[in-house]
């Protein structure tokens, strides 16, 4: 990974982390989104240590201040859920951009990070795809088992569909990393994961 200006990069990360440290929700005794951001950085370090500066910034900012836009702020319908998700992409991108400007980044780099965090150009924008890969890998390793526990009512078919949808968003590189020993798969779900992906 090549960082153009290490001090500027460190300032941006510190600003992202300070924003997420205000999360009142805790996970393992830490602010939930701060821990999530640290896990994202840890995962990109394992999965793609050669990732661009834009991707490194994007993964750290992906859920920035998410708790301030609760799901309940949108209609509790399928359409409301998608509107919430779309609204979050824009909110996270704008928030990351504002903090990057404070850290001293120029508009060109800010726009690249905003495009990735805003999930623009999936499959064609390398930084957006990198963010998607890291997001999905982090979900599988750290959050899928807990999600399963919260949704014990889901049928096997529903779970196979969820796993397949996640898998389709990932690149071939991420598939190889996940199944080739790079990822700590949640043991109770391994048979279901393997069935879903046809392994």
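Every number here is computed from the coordinates shown, using simple stated rules; none is lab data. Every value quoted in this text rests on a predicted model; they were computed, and no experiment measured them. Here the Cβ positions follow ideal geometry from the backbone for every residue, glycine too, while neighbour counts run over all protein chains shown.
Each of 120, 11, 60, 71 has some number of other Cβ atoms within 10 Å of its Cβ, and from fewest to most they run 71, 120, 11, 60. Can you tell me how region 1-102 classifies by the Cα gyration tensor, rounded, prolate or oblate, using a/c under 1.5 as the rounded cut? Prolate, since a/c reaches 1.5 and a/b exceeds b/c. For residue 14 and residue 154, what does the FRET efficiency come to when R0 = 45 Å and r is the distance between their Cβ atoms, rounded to the nearest 0.05? Plugging the Cβ-Cβ distance into 1/(1 + (r/R0)^6) gives 0.70. Pairs of Cα atoms nearer than 8 Å and 6+ residues apart set the relative contact order; for region 40-181 it is 26 percent.
Based on DSSP H segments of at least four residues, each scored -39500 (n - 2.57), the chain has a per-residue ellipticity at 222 nm of -20000 deg cm²/dmol. Per-residue extension of 0.36 nm, minus the Cα-Cα distance of residue 107 and residue 3, leaves a gain of 35.8 nm for this segment. With the highest mean first, a sort of the peptides 21-34, 145-158 on other beta-carbon atoms found within 10 angstrom per residue produces 21-34, 145-158.
Under the rule a/c < 1.5 gives rounded, and otherwise a/b versus b/c splits prolate from oblate, where does region 75-138 land using the Cα gyration tensor? Oblate, since a/c reaches 1.5 and b/c is not below a/b.
Find the centroid of the Cα atoms in region 156-190 and in region 70-120, then give the distance between the two in whole Å. Each part's Cα centre sits 25 Å from the other's. With each label modelled as a point 7 angstrom along the Cα→C-beta vector, the residue 145-residue 25 pair spans 2.0 nm.
Here residue 90 and residue 195 are evaluated by their C-beta separation; at R0 = 25 Å the FRET efficiency comes out at 0.10. A compact globular protein would have a Cα radius of gyration near 2.2 N^0.38 Å; the ratio found for the chain is 1.03.
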